[in-house]
Amino acid sequence: MLEKKIKIESDEELSLRQMLDSLSAQNNFYFSYESSLLELNKTLEAPKFSGSIGDFLLKELGDDYEYKELPGYIIIRFAPEKLDLDAEMDTRFNTVTVKGYIKNVQTQEVVSQASIYDKNSLASTLTDKNGYFKLKYKKKDSSIWLTLSKENYRDTTFLLLPTVSIVAEKENRRFRYIPGDSATKALEESFLGKAFIGFKQRLQGINMGNFFAESPVQMSLIPGLSTKGMFSSQTISKFSLNLIGGYTAGIEGMEVAGIFNINKRDVKSLQVAGIFNLVGGSSKGLQVGGIYNSVYKNVDGLQVGGILNQVKGNVKGLQVGGIANYVKDTATVQIAGIVNLADQSLHFQLAGITNNTSKSAGFQLAGISNIAGESVDNQITSIYNRAKVVNGFQFALINSAQESDYPIGLLNFIKNGEKNLGLSIDESGFTHFDFRSGGRKMYGILGVAYNLRDIDTPIGLEAGLGIHLIPEKKFSLDTEFVSLTASDFVEVANHIQSFRLFPGFKFGNHLRIFAGPSLNFAFLDPGQEDFTKGWNILEKTTLNGIYRSYGGVSGGLQVIF
């Protein structure tokens with residue numbers, strides 16, 4: 001791509017940013033660079049140019065930059081300095097030992113913390129404060145390609161040949177370039193990253209940048225102490241076994257750890273750890289952590305955490321957490337022992353205590369509360385539901401929303417619904433004082449009743465649900481199911497379940513009169529024959545009490561607010 005011929009003939013002044021974008025689009029590749037190190041808005045030095053892409057970059061940016069090719073990318077690195085190698089190689093049996101010094105070409109000063117690695121074996125090390133290194137590894141062919149890498153220095157490769165061999169091993173290992181982002185730095189700066197990722201592996205990542213190697217297998221005892229040495233953090237493996245824990249670039253197959261797995265980039269297929277998994281990229285497939293899973297980008301598949309799952313992108317699939325699940329963006333399905341948190345839930349959330357989304361949610365089911373910042377399809381819990389717009393129904397003791405047609409609860413605070421206080425009397429002489437609250441279709445009823453007749457239990461509590469069959473402005477028709485319980489809290493307890501049909505007429509904006517028939521089912525203690533009045537339909541007396549069904553009528557006045 002660097003040798004590809006181009007011709008620029010523009011009468012308009014173009015910026016470097018515009019030209020790089022144009023070359024990228026026309027030639028089907030991407031430029032990769034750190035934008036803070038380039039003057040992207042400067043006008044081109046050569047508005048008319050004919051030559052190769054490499055010559056164009058050299059003319060516009062100068063020789064303080066290094067230009068490298070990897071499939072699909074031209075990488076622009078700020079590298080004003082150059083490295084030199086002063087080394088000797090010793091071969092004994094199948095072991096090669098290379099030792100020496102790394103220096104700055106221009107100043108001849110030693111360079112500390114530079115990376116030295118062999119691309120074939122992936123053996124690697126860092127220079128010490130004196131620029132000295134020693135690299136020892138097994139190799140069948142003692143001829144090696146040794147690459148030097150350091151931030152702000154040009155990558156430099158040397159071919160080391162012993163006197164007995166002049167044939168270099170063919171380079172058959174695959175390498176990749178993956179554009180960088182802030183996720184790797186965030187992972188390494190996290191609490192777990194600081195605790196388990198060593199200083200030398202961090203330096204290796206800085207020196208090597210976004211250059212990664214592929215390997216079928218890697219094994220680690222701890223990060224840095226592995227079959228790939230410190231190069232494990234730049235290695236993408238098919239299979240990874242970490243006896244205690246490991247830090248790798250990524251997995252495309254299977255990774256198992258006794259305690260932890262830490263991955264700089266993506267993990268695909270299967271990842272299992274006794275304690276935690278920490279992934280700087282995305283996870284695709286199955287991820288299981290005995291206590292904790294953390295993914296800095298997206299999850300596609302199944303994620304299971306003994307205590308907590310944390311994803312800073314989206315979850316497409318199922319997330320199961322023993323205590324909690326947290327998704328910064330969108331989650332498909334979440335199941336947690338205590339709490340689910342997400343910016344948005346597409347389909348389903350199940351939690352032992354609470355579900356919470358900042359935006360919309362599908363179906364929320366929790367033990368105590370559900371909260372959706374914007375819209376929700378359905379909510380079921382025991383105590384409290386809240387959302388702005390409810391497309392389906394809400395079921396809880398208390399429901400709150402701006403728009404909800406079907407709240408099923410005793411107290412419903414719906415902005416586009418109706419609330420009223422009602423005073424009525426029924427056929428048995430009970431005077432009812434009720435609070436009705438709900439949406440445009442359904443509402444809840446909570447109140448007290450008092451009977452002026454001389455009976456054993458004159459005071460009762462009642463609760464129920466109602467439906468606005470005809471919610472017109474002047475004339476309305478409501479049906480209600482209400483349960484009334486009257487007890488002296490010592491010996492006597494009487495219960496009445498009533499189905500009521502209430503036509504109503506509204507005066508002005510705040511008053512409504514209503515009256516209508518009811519069908520009642522009473523369960524009375526022995527000796528409570530006079531507790532109810534009305535038109536008996538069926539009655540049965542046993543040793544346990546009186547079972548009675550009867551018709552009645554009730555009516556009264558409602559104050560609407």
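Please give the strands (runs of 3 or more DSSP E) falling wholly within region 344-402 in which 1 or more residues are open to solvent by 50 Å² or more (accessible area, probe 1.4 Å) and closer than 22 Å to MET442 by Cα.
Ranges flagged: 361-366, 375-380, 384-395.
Based on what the data block shows, is GLY409 at pLDDT 95 or above and within 23 Å of GLN497 (Cβ to Cβ)?
Here the answer is yes, as GLY409 does meet what is asked.
In the list VAL320, VAL256, which residue meets the criterion of being part of a strand (DSSP E or B), closer than 18 Å to PHE196 by Cα, without any contact (Cβ under 8 Å) to a residue 40 or more places away in the chain and open to solvent by 40 Å² or more (accessible area, probe 1.4 Å)?
Sole residue among the options that is part of a strand (DSSP E or B), closer than 18 Å to PHE196 by Cα, without any contact (Cβ under 8 Å) to a residue 40 or more places away in the chain and open to solvent by 40 Å² or more (accessible area, probe 1.4 Å): VAL256.
Please indicate, with yes or no, whether at least one residue in region 144-155 is under 14 Å from THR248 (Cα atoms), open to solvent by 30 Å² or more (accessible area, probe 1.4 Å) and either of a type outside the set (Asp, Glu) or modelled with pLDDT of 80 or more (or both).
no
Would you pick out the residues in region 50-104 that are touching a residue at least 24 places away in the same chain (Cβ under 8 Å), among the aromatic types (Phe, Trp, Tyr) and open to solvent by 30 Å² or more (accessible area, probe 1.4 Å)?
If the condition is that a residue be touching a residue at least 24 places away in the same chain (Cβ under 8 Å), among the aromatic types (Phe, Trp, Tyr) and open to solvent by 30 Å² or more (accessible area, probe 1.4 Å), then TYR67, TYR73, PHE78, TYR101 are the ones that fit.
Consider region 88-120. How many of its residues are within 21 Å of GLU151 (Cβ to Cβ) and either in a strand (DSSP E or B) or of a type in the set (A, V, I, L, M) (or both)?
Qualifying residue count, region 88-120: 13.
Here's the yes/no breakdown for (1) in contact (Cβ under 8 Å) with a residue 40 or more places away in the chain; (2) under 25 Å from VAL333 (Cβ atoms):
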{"site": "GLU252", "(1), (2)": "no, no"}
{"site": "LYS264", "(1), (2)": "yes, no"}
{"site": "VAL267", "(1), (2)": "no, yes"}
{"site": "LEU270", "(1), (2)": "no, yes"}
{"site": "SER282", "(1), (2)": "no, yes"}
{"site": "LEU286", "(1), (2)": "no, yes"}
{"site": "TYR292", "(1), (2)": "no, yes"}
{"site": "LYS297", "(1), (2)": "yes, yes"}
{"site": "ASN309", "(1), (2)": "no, yes"}
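Of everything in region 479-499, what is part of a loop (DSSP other than H, G, I, E, B), among the hydrophobic types (A, V, I, L, M, F, W, C), open to solvent by 30 Å² or more (accessible area, probe 1.4 Å) and at negative phi? Give them in sequence order.
If the condition is that a residue be part of a loop (DSSP other than H, G, I, E, B), among the hydrophobic types (A, V, I, L, M, F, W, C), open to solvent by 30 Å² or more (accessible area, probe 1.4 Å) and at negative phi, then VAL490 is the only one that fits.
Suppose the filter is in contact with an Asp or Glu (Cβ under 8 Å, 6 or more places away or on another chain), assigned to a strand (DSSP E or B) and either within 18 Å of ARG154 (Cβ to Cβ) or open to solvent by 20 Å² or more (accessible area, probe 1.4 Å) (or both); does LYS136 pass it?
no
Can you report the number of residues in region 203-228 which are within 12 Å of THR248 (Cα to Cα), free of Cβ contacts under 8 Å to residues at least 24 places away in the same chain and not β-branched (Val, Ile, Thr)?
Here the count works out to 2.
So VAL272 passes all but one of these: (1) modelled with pLDDT of 95 or more; (2) crowded, with 18+ Cβ neighbours inside 10 Å. Which condition number does it fail?
Unmet condition: (2).
Is it the case that PHE430 is open to solvent by less than 60 Å² (accessible area, probe 1.4 Å), of a type in the set (Phe, Trp, Tyr) and in contact with a strand residue (DSSP E or B) (Cβ under 6 Å, 6 or more places away or on another chain)?
yes
Which of the residues that make up region 82-124 are modelled with pLDDT of 85 or more and hydrophobic (A, V, I, L, M, F, W, C)?
Scanning region 82-124 gives LEU83, LEU85, ALA87, VAL98, ILE102, VAL105, VAL110, VAL111, ALA114, ILE116.
Can you pull out every residue in region 174-190 that is within 10 Å of GLY280 (Cβ to Cβ) and part of a helix (DSSP H, G or I)?
ALA183, THR184, LYS185, ALA186, LEU187, GLU188 - these are the residues of region 174-190 that are within 10 Å of GLY280 (Cβ to Cβ) and part of a helix (DSSP H, G or I).
Restrict the check to region 240-251 and report whether at least one residue is polar (S, T, N, Q), over 29 Å from ASP118 (Cβ atoms) and either part of a strand (DSSP E or B) or modelled with pLDDT of 95 or more (or both).
No, the conditions are met nowhere in region 240-251.
Starting from region 330-343, keep only residues that are over 18 Å from GLY306 (Cβ atoms), then list their pairs with residues that are open to solvent by 10 Å² or more (accessible area, probe 1.4 Å) and not in a strand (DSSP E or B) whose Cβ atoms are within a distance under 8 Å, requiring at least 6 positions of separation or different chains.
The qualifying pairs are THR330/ASN314; ALA331/ASN314; ALA342/SER358; ASP343/SER358; ASP343/LYS359.
Residue check: is GLU39 among the acidic types (Asp, Glu) and open to solvent by 90 Å² or more (accessible area, probe 1.4 Å)?
yes
Quick one: count up the residues across region 1-13 that are without any contact (Cβ under 8 Å) to a residue 40 or more places away in the chain and closer than 18 Å to SER52 by Cα.
Residues meeting the conditions: 2.
Just name the residue that is surrounded by the most Cβ atoms within 10 Å (Cβ to Cβ) out of those in region 508-561 that are part of a loop (DSSP other than H, G, I, E, B) and polar (S, T, N, Q).
Checking each candidate, the answer is THR532.
Under the condition of being open to solvent by 100 Å² or more (accessible area, probe 1.4 Å) and outside any loop (DSSP other than H, G, I, E, B), which residue from region 452-474 is nearest to ILE560 (Cα to Cα)?
By that ranking, first place goes to LEU461.
With (1) at pLDDT below 85; (2) surrounded by 13 or more Cβ atoms within 10 Å (Cβ to Cβ); (3) closer than 25 Å to LYS150 by Cβ as the list, and PRO47 as the residue in question, which single condition is left unmet?
Condition not satisfied by PRO47: (3).
The values are calculated or read from the model by the stated rules, or taken from the named source; none is laboratory data. Note that the structure is a prediction, hence the values are computed from the model and not measured. So basically every Cβ, Gly included, is an ideal-geometry build from the backbone, and we count neighbours across all protein chains shown. When the accessible area is computed, the model is the full protein with side chains, heavy atoms only, and any ligands, DNA or RNA have been set aside. Shrake-Rupley method; radii C 1.70, N 1.55, O 1.52, S 1.80 Å.
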